[in-house]
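The values are calculated or read from the model by the stated rules, or taken from the named source; none is laboratory data. Just so it is clear, the structure is predicted and the values come from calculations on it, not from any experiment. As a convention, Cβ positions derive from the backbone with ideal geometry for all residues, glycine included, and neighbour counts pool all protein chains shown. Keep in mind that these areas ignore ligands, DNA and RNA; they rest on the heavy atoms of the full protein, side chains included. Shrake-Rupley method; radii C 1.70, N 1.55, O 1.52, S 1.80 Å.
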Amino acid sequence: MAELKLSHIYKKFGKVVAVGDFNIDVADGEFISFLGPSGCGKTTTLRMIAGFDKPTEGIITIGDREVSNAEKGFFLAPEKRGIGMVFQSYAVWPHMNVVDNVGYPLKIQNVPKEERLKRVMNMLELVHLKEYAERFPNQLSGGQQQRVALARALVAQPGLLLLDEPLSNLDAKLRESMRFEISAIQKELGITVIYVTHDQSEAMTMSDRIVVMSMGKVQQIGKPYDIYTNPANQMVADFIGLVNFIPAIAKGDRIFMQGSENISFPNPKQIAGNAVLAVRPENITISKTGGMVEGVMHHRFYMGDSVDYRIKVKEQFIRVIQKGSDYTAYHNGDKVFLDFENVMSFENEG
Amino acid sequence: MKKSLPRLDSKFIVIAISVLLLLYFIVFPLLILIYDSLFVNGVFDISNYKEVYGKKVNWKALTNTVQLSLIVMVASVIITFPMAWLVGRTNLPGKKIFRTILVASYMIPPYVGAIAWVQLLNPSVGYLNDFIKFIFGLQKAPFDIYTMGGLAWVLTLFYSPFAFITISRAMEKMDPTLEEAARISGSSPLKTLWDVTLPLMMPSIVAGGLLVFIAAASCFGIPAIVGMPGNIEVMTTRIVTFVYMGDAKGIRDATALAVSMMVIANGLLFFMSWLLSHKDYTTISGKSTRPNIVELGKWKWPAFALVAGYAFIAVILPLTSIVVTSFLVSMSKGLALDNFGIDAWIPVITSSQYLESIWRSVGYGIIAACIGTILSLFVAYLSVKTKITGRSLPDLLVVLGGATPSIVIALALIITFSGNYGLNIYSTMWILIVSYLVKYMTMSVRTIAASLSQVHISLEEAALNSGASWIRTCKDIIMPLVAPSIVAGWFLIFMPSFYELTMSNLLYGADTKSIGVLLYELQTYADTQNASVLSVIILLIVLIGNVILNKVTKGKVSI
Ligand SMILES: Nc1ncnc2c1ncn2[C@@H]1O[C@H](COP(=O)(O)OP(=O)(O)OP(=O)(O)O)[C@@H](O)[C@H]1O
Ligand SMILES: [Mg+2]
């Protein structure tokens with residue numbers, strides 16, 4: 001199987017820096033997601049690993065083999081890297097049937113026909129497509145084509161599998177079930193996976209670690225739990241999950257809410273000057289009787305299992321989500337008090 | 001309800017008139033041609049077929065045509081497929097310029113190309129022959145243009161752009177991740193080309209090849225200029241010879257040949273459009289279609305040399321030859337520095353005969369383009385924007401006209417419009433203009449239809465709701481939105497009409513000699529210098545037209 005190591009990878013298109021200083025060590029059998037808004041450089045990074053784009057700087061190592069080294073001008077072609085890849089557009093060849101599509105990587109390796117067929121059928125069984133072996137792609141649904149693509153990427157038993165938003169063209173239900181299928185297959189084969197997505201729930205549920213990217217830069221690499229509870233910066237906090245940002249000023253060991261000099265929180269990061277407090281909607285409790293902050297109930301949205309409140313505190317709206325809350329307990333215009341828990345703090349990035 | 005009736009009426013009237021005109025000027029003559037080839041005085045009689053194909057010279061013309069067209073088709077595909085791939089899919093240096101050059105050869109009138117290659121490779125004084133003789137110290141000219149090989153050579157150079165355009169368009173449309181999927185599966189770039197690109201492109205390759213086949217088989221200018229001096233006859237030159245006989249029997253023999261040609265050409269085109277609509281794999285995928293550029297590595301410069309060499313031979317060399325010849329003082333003195341001057345230009349730009357021809361052709365082109373654009377607009381509107389049954393019939397009729405070989409159209413018009421069936425416009429300018437319209441309206445309809453289909457129906461309905469009539473809606477709403485495509489459509493009729501030769505050569509009268517015909521005569525009378533001058537003038541006008549076209553459509557359409 002395969003480890004993957006990227007060190008100081010840069011990719012520039014003319015003046016545009018699509019990827020800047022990407023570093024990661026991926027362990028054998030790990031499931032890594034690249035997560036970030038559109039245009040942040042996820043695909044570009046993946047294509048550099050695959051060998052479709054040449055890094056402007058840096059070294060990529062797969063297993064114990066260096067596949068790309070910009071300084072030495074060394075670059076291994078994609079076909080020599082022994083990687084499996086699933087494309088967003090499936091890229092299933094329309095002029096070949098399912099068996100030929102899936103068997104193609106083995107054919108390239110000159111695997112004898114009988115063994116090839118056996119391995120293809122095993123693969124089709126794994127992706128639940130055995131009955132469709134003789135079909136052509138135009139006789140398959142999008143989800144089935146996606147599974148053909150997955151089988152084709154896995155059939156040659158690569159150590160590393162790359163997936164670029166493989167589920168984004170599928171409908172919501174199918175997306176969910178494919179998510180678990182891919183996870184299960186990964187566990188079964190013990191393969192290393194790099195999974196590109198901009199869907200955070202996909203990344204959260206499937207990954208061992210998530211790489212959060214923005215504007216070509218890695219913002220944070222960590223386990224889903226760490227990324228959610230301990231985001232490295234404002235961008236990550238904002239991108240993963242919901243969050244309220246409250247302007248604040250740091251003085252010594254405390255951070256004070258702007259305009260309310262009597263409300264303060266600890267300052268573990270030793271921020272100085274302008275700061276931002278961040279608190280997730282589910283970490284706020286509302287009460288009628290008393291709490292840290294006073295506000296006015298502005299709006300309530302009934303969500304079935306929870307209620308989504310907007311509360312006006314000074315000039316700012318604070319969002320609060322409470323599970324199993326009584327929708328009728330408050331009315332718009334009521335005076336309410338809020339208590340914050342698990343408050344995070346960041347330097348003000350503007 | 002009452003309000004909507006009159007506007008439906010005006011729509012119907014316009015449409016009915018368009019359909020009638022198309023039926024009368026396209027379908028009717030072709031039916032008459034077929035009828036005349038099969039019946040004599042109302043009695044079924046195909047002795048003309050037996051007689052024509054019984055003669056060795058005609059049979060030979062048929063086999064020559066098929067043989068040449070096959071060679072040209074295969075050669076074109078073999079040359080243009082790698083070229084389209086190199087230009088479209090690799091890091092070939094200068095690929096944008098090559099693309100322009102390779103497509104541009106499409107706008108050079110074929111007979112100008114023929115004249116150029118006669119200048120370059122005729123066995124007695126061909127520039128290129130002389131040059132090679134000089135370099136290698138040969139006694140005899142290495143090449144003779146007046147042979148089947150020479151004919152195939154010129155036809156290939158001037159009709160391969162059809163294949164190039166079809167193939168490179170399909171290559172651009174293909175989802176590049178299909179190729180990337182093969183690469184990541186372990187396949188080298190060349191193997192990927194073979195296993196994935198080539199099979200996926202096959203329908204387009206066949207289609208491009210068939211276009212070349214039909215164009216080569218229907219061509220008159222090149223075989224007339226390159227083939228005739230070597231006594232090589234093809235179908236088109238035989239038909240012209242029969243028509244030149246001038247008597248009823250000649251015409252009847254010509255109809256037999258023409259109908260055979262028509263059946264083959266239209267049959268192949270029908271097959272081709274079927275192929276493209278049913279077997280086209282080159283689907284466009286959603287996002288992430290960034291073209292994957294194949295790194296040529298050490299092959300970069302050899303490939304560059306190959307493409308540059310081809311572009312030089314196919315376009316630069318013949319054009320240079322024409323321009324240089326037009327500035328020679330005397331043909332016999334050859335390429336000497338003191339032999340250059342504008343002597344050959346003086347008689348052309350001072351002679352009223354030459355100037356009149358030029359202005360006449362410009363005029364015919366303008367008239368044809370104006371009528372054709374208006375008709376195209378109605379036809380395109382009808383087929384794209386309405387739900388009337390039979391809305392695409394006019395479109396189909398126009399396509400039929402465009403698909404029919406020029407020589408067949410000309411013959412059909414002669415038979416039909418010289419008085420036997422009412423209208424007599426024989427040897428007037430109108431028969432020329434009708435022929436141009438029949439042949440060239442199809443491109444303009446395509447262009448306008450493509451842009452009309454981008455105009456959403458709600459814009460139109462908004463105008464109709466605010467009380468505008470249908471004609472008014474056309475004028476105020478639709479026209480401004482599709483204006484660029486209308487200008488493009490206009491040029492797409494004007495330019496080929498302006499330099500048309502095949503049909504004009506059969507249809508012109510004493511006062512309607514067009515520039516193409518004049519040029520052809522000059523060339524056959526061996527006045528190669530004046531022919532070159534005239535060629536340069538034609539090329540200049542076509543170039544200006546293309547520059548305008550490019551500006552108006554922002555590079556999306558050109559001839
Ligand atoms: N060939 C190219 N030439 C110039 N710029 C490019 C090229 N490819 C990508 N870019 C730029 O690099 C940046 C990163 O692009 P990339 O496709 O990696 O984003 P992404 O994170 O995959 O986005 P998405 O979620 O939309 O797929 C973008 O700003 C993009 O415009
Ligand atoms: Mg992407």
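Checked across region B:398-413, the condition of being touching a Leu at 6+ places or on another chain (Cβ under 6 Å), over 20 Å from residue B:379 (Cα atoms) and open to solvent by less than 30 Å² (accessible area, probe 1.4 Å) holds for at least one residue. Could you look through region A:160-184, keep only residues that are buried (at least 19 other Cβ atoms within 10 Å of the Cβ) and under 14 Å from residue A:29 (Cβ atoms), and pick out the one that is farthest from the chain's Cα centre (by Cα)? Top of the filtered list is A:160.
For region B:232-239, state whether one or more residues are aliphatic (A, V, I, L, M) and within 29 Å of residue B:165 (Cα to Cα). Scanning region B:232-239, I find at least one residue that is aliphatic (A, V, I, L, M) and within 29 Å of residue B:165 (Cα to Cα), so the answer is yes. State whether one or more residues within region A:27-37 are out of contact with any Phe, Trp or Tyr (no Cβ under 7 Å at 6 or more places or on another chain) and either free of Cβ contacts under 8 Å to residues at least 24 places away in the same chain or within 14 Å of chain B (Cβ to nearest Cβ) (or both). No - not one qualifying residue is present in region A:27-37. Of the residues making up region B:132-151, at least one is away from chain A (no Cβ under 14 Å) and within 21 Å of the chain's Cα centre (by Cα). Taking into account only those residues within region A:247-286 that are in contact (Cβ under 8 Å) with a residue 24 or more places away in the chain and part of a loop (DSSP other than H, G, I, E, B), which is surrounded by the fewest Cβ atoms within 10 Å (Cβ to Cβ)? Among residues in region A:247-286 that are in contact (Cβ under 8 Å) with a residue 24 or more places away in the chain and part of a loop (DSSP other than H, G, I, E, B), the one surrounded by the fewest Cβ atoms within 10 Å (Cβ to Cβ) is A:268. State yes or no: is residue A:92 more than 16 Å from ligand 2 (Cβ to nearest atom) and aliphatic (A, V, I, L, M)? Spelling it out, residue A:92 is indeed more than 16 Å from ligand 2 (Cβ to nearest atom) and aliphatic (A, V, I, L, M).
Residue count for region A:272-302 under the criterion of being charged (D, E, K, R) and touching a helix residue (DSSP H, G or I) at 6+ places or on another chain (Cβ under 7 Å): the result is 1.
Annotation note: of A:218, A:243, A:212, the sole residue that is within 30 Å of residue A:45 (Cα to Cα), surrounded by 15 or more Cβ atoms within 10 Å (Cβ to Cβ) and touching a Lys or Arg at 6+ places or on another chain (Cβ under 6 Å) is A:243.
The single condition among (1) under 26 Å from residue A:168 (Cβ atoms); (2) away from chain B (no Cβ under 14 Å); (3) free of Cβ contacts under 8 Å to residues at least 60 places away in the same chain that residue A:7 does not meet is (1). As for region B:144-155, it holds no residue that is modelled with pLDDT under 85 and of a type in the set (Asp, Glu). Note on region B:448-559: enclosed helices (runs of 4 or more DSSP H) holding 2 or more residues that are surrounded by fewer than 22 Cβ atoms within 10 Å (Cβ to Cβ) are B:457-465, B:470-473, B:479-498, B:515-524, B:528-553. Residues considered: A:18, A:77, A:91. Of these, the only one that is more than 15 Å from ligand 1 (Cβ to nearest atom), hydrophobic (A, V, I, L, M, F, W, C) and over 29 Å from residue A:143 (Cβ atoms) is A:77.
Table: residues versus (1) within 30 Å of residue B:90 (Cβ to Cβ); (2) surrounded by fewer than 14 Cβ atoms within 10 Å (Cβ to Cβ).
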residue	(1), (2)
B:293	yes, no
B:297	yes, yes
B:309	yes, yes
B:326	no, no
B:336	no, yes
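Across region A:154-193, the qualifying residues are those that are touching a Phe, Trp or Tyr at 6+ places or on another chain (Cβ under 7 Å) and within 16 Å of ligand 2 (Cβ to nearest atom), and the one among them that is nearest to the other protein chains (Cβ to nearest Cβ) is A:164. Mind telling me which of the residues A:241, A:304, A:216 ends up being on the phi > 0 side of the Ramachandran plot and free of Cβ contacts under 8 Å to residues at least 12 places away in the same chain? So the residue among A:241, A:304, A:216 that is on the phi > 0 side of the Ramachandran plot and free of Cβ contacts under 8 Å to residues at least 12 places away in the same chain is A:304. The number of residues in region A:287-304 that are farther than 10 Å from residue A:321 by Cβ and either in contact with a Cys (Cβ under 6 Å, 6 or more places away or on another chain) or open to solvent by 60 Å² or more (accessible area, probe 1.4 Å) (or both) comes to 8. Note on region B:385-394: residues that are open to solvent by 20 Å² or more (accessible area, probe 1.4 Å) and either on the phi > 0 side of the Ramachandran plot or touching a helix residue (DSSP H, G or I) at 6+ places or on another chain (Cβ under 9 Å) (or both) amount to 6.
Within region A:76-89, being away from ligand 2 (no atom under 16 Å from the Cβ) and under 16 Å from residue A:146 (Cα atoms) holds for one residue alone: A:84.
If you check A:103, A:51 for being within 16 Å of ligand 1 (Cβ to nearest atom) and open to solvent by less than 20 Å² (accessible area, probe 1.4 Å), only one passes: A:51.
Restricting attention to region A:122-141, the residues that are of a type outside the set (Lys, Arg), surrounded by fewer than 17 Cβ atoms within 10 Å (Cβ to Cβ) and away from chain B (no Cβ under 11 Å) add up to 8.
Find the residue count for region A:26-46, including only residues that are near ligand 2 (Cβ under 10 Å from one of its atoms) and not in a loop (DSSP other than H, G, I, E, B). Number satisfying all stated conditions: 6.
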